[in-house]
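Working notes, beginning with the structure itself.
The values are calculated or read from the model by the stated rules, or taken from the named source; none is laboratory data. None of these values were measured; they are calculated from a predicted model. Note that each Cβ is placed from the backbone with ideal geometry, even for glycine, and that neighbours are counted across all protein chains shown. Calculation scope for accessible area: heavy atoms of the full protein, side chains included, ligands and nucleic acids excluded. Shrake-Rupley method; radii C 1.70, N 1.55, O 1.52, S 1.80 Å.
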Amino acid sequence: MQSSDPRFEIRDPGKDIGLGLFALVPIKKGDFILEYIGKKLTAAESENHPGRYLFELDDAWTIDGDTDDNLAKYINHSCDPNCEAEVEDGHILIHAVKDIAAGEELSFDYDQEYFDEFIKPIGCRCGALKHRT
């Protein structure tokens with residue numbers, strides 16, 4: 001599936017985990033990749049929100065990334081990720097923590113709370129040699 005950004009392609013990684021985001025061009029370690037965007041929710045609104053694309057900014061705010069224009073929502077979890085998400089001035093910025101080759105799937109660690117709630121019950125399918133517990 002073509003994405004709105006020519007650097008990326010959305011496709012099935014074949015691990016029974018849903019669609020993933022793949023680089024079409026090489027990305028260097030340290031490069032900015034994308035911003036995780038969406039509707040800003042208060043902590044109270046996010047508490048009972050049924051979505052899986054919630055990304056906490058801080059104790060007061062969460063981003064609901066389930067929007068058509070948020071390419072970063074296709075970045076899947078990995079226990080050995082090639083990307084990292086950092087919150088800076090109210091923005092969630094995705095950077096490469098390793099060199100990423102053209103054709104490689106982008107991934108970041110979804111953190112312990114998400115892992116325990118959504119991934120652990122069905123088993124992690126990221127393919128990393130070392131997994132969270």
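Does the stretch 24-91 classify as rounded, prolate or oblate by the C-alpha gyration tensor (a ≥ b ≥ c root eigenvalues; a/c under 1.5 gives rounded; else a/b over b/c gives prolate, otherwise oblate)?
Prolate, since a/c reaches 1.5 and a/b exceeds b/c.
How large is log10 of I(q)/I(0) for the chain at q = 0.18 Å⁻¹ when the intensity is taken from the Debye formula with one equal scatterer per alpha-carbon?
Each listed q corresponds, in turn, to -1.06.
Quick check on the chain: helices-only [θ] at 222 nm, where DSSP H runs of length 4 and up contribute -39,500 (n - 2.57) each and the sum goes over total residues. Nearest 500, please.
After summing the helix terms and dividing by the residues of the chain, the value is -500 deg cm²/dmol.
Between Phe115, Gly51, Pro26, whose Cα lies farthest towards the positive end of the dipole of the chain when Lys and Arg beta carbons carry +1 and Asp and Glu beta carbons carry -1, centred on the Cα centre?
About the Cα centre, the residue reaching furthest to the positive side is Pro26.
Per residue, how much accessible surface does the chain expose to a 1.4 Å probe? Answer in Å², no decimals.
I get 59 Å² per residue for this part.
Relative to the Cα centre, what is the charge dipole magnitude of the stretch 1-52, using +1 at the beta carbon of each Lys and Arg, -1 at the beta carbon of each Asp and Glu, and rounding to the nearest 20 debye? Don't skip to the answer; put the middle values down first.
On the way: 8 positive and 8 negative charges, 31 e Å.
That gives a dipole near 140 debye.
Please report the antiparallel percentage of DSSP beta bridges with both residues in the chain, rounded to the nearest 5. Walk me through the numbers on the way to the answer.
Details: 24 of 26 bridges.
Roughly 90 percent of the beta bridges in the chain run antiparallel, per DSSP.
Skipping prolines and chain starts, which residues have an amide H placed within reach, meaning under 5 Å, of the one on Leu54, given they are 5 or more residues away or on another chain?
Gly65
If a/c stays under 1.5 just call it rounded; otherwise compare a/b with b/c (prolate if a/b is bigger, oblate if not). Do that for the stretch 14-54, with a ≥ b ≥ c from the square roots of the Cα gyration tensor eigenvalues. Intermediate results must be reported in sequence, preceding the final value.
Working: a/c = 4.00, a/b = 1.66, b/c = 2.41.
Oblate.
What figure in square angstrom, to the nearest 10, would you give for the accessible area of His95 with a 1.4 Å probe?
Around 40 Å² of this residue is reachable by solvent.
Can you list the HN-Hα couplings for the stretch 97-110, worked out from phi with the Karplus curve (6.51, -1.76, 1.60; θ = phi - 60°), rounded to whole Hz and with x for Gly and Pro?
So the Karplus estimates, Gly and Pro as x, are 9, 9, 5, 10, 7, 4, x, 7, 6, 7, 8, 9, 7, 6 Hz.
Could you list which residues have their amide H under 5 Å from that of Lys98, counting only those 5 or more apart in sequence or on another chain, with H placed in the peptide plane?
Gly30
If you place +1 on the Cβ of every Lys and Arg and -1 on the Cβ of every Asp and Glu, how big does the dipole about the Cα centre of the chain come out, in debye to the nearest 20?
On the way: 14 positive and 28 negative charges, 128 e Å.
For this selection, approximately 620 debye.
Could you report the accessible area of Lys40 in Å², rounded to 10, computed with a 1.4 Å probe on the protein chains as they sit in the structure?
For Lys40, the solvent-accessible surface is approximately 110 Å².
Skipping prolines and chain starts, which residues have an amide H placed within reach, meaning under 5 Å, of the one on Leu34, given they are 5 or more residues away or on another chain?
Ile94
Total Lys pairs in the stretch 1-101 closer than 21 Å by alpha-carbon, pairs eight or more apart in sequence or interchain only?
Going through the stretch 1-101 pair by pair, I get 8.
Could you tell me what percent of the accessible area of the stretch 15-87 is made up of carbon and sulfur, with a 1.4 Å probe and every protein chain present?
47 percent
When the dipole is taken about the Cα centre of the stretch 59-119, and only Lys, Arg (+1) and Asp, Glu (-1) are charged at their Cβ, what size is it in debye, to the nearest 20?
In total the dipole reaches around 220 debye.
Pick out which of Asp64, Asp111, Asp80 has the largest mean-square fluctuation in a Gaussian network model of the chain, springs linking Cα atoms closer than 10 Å.
Maximum fluctuation in the GNM of the chain, among the listed residues, is at Asp111.
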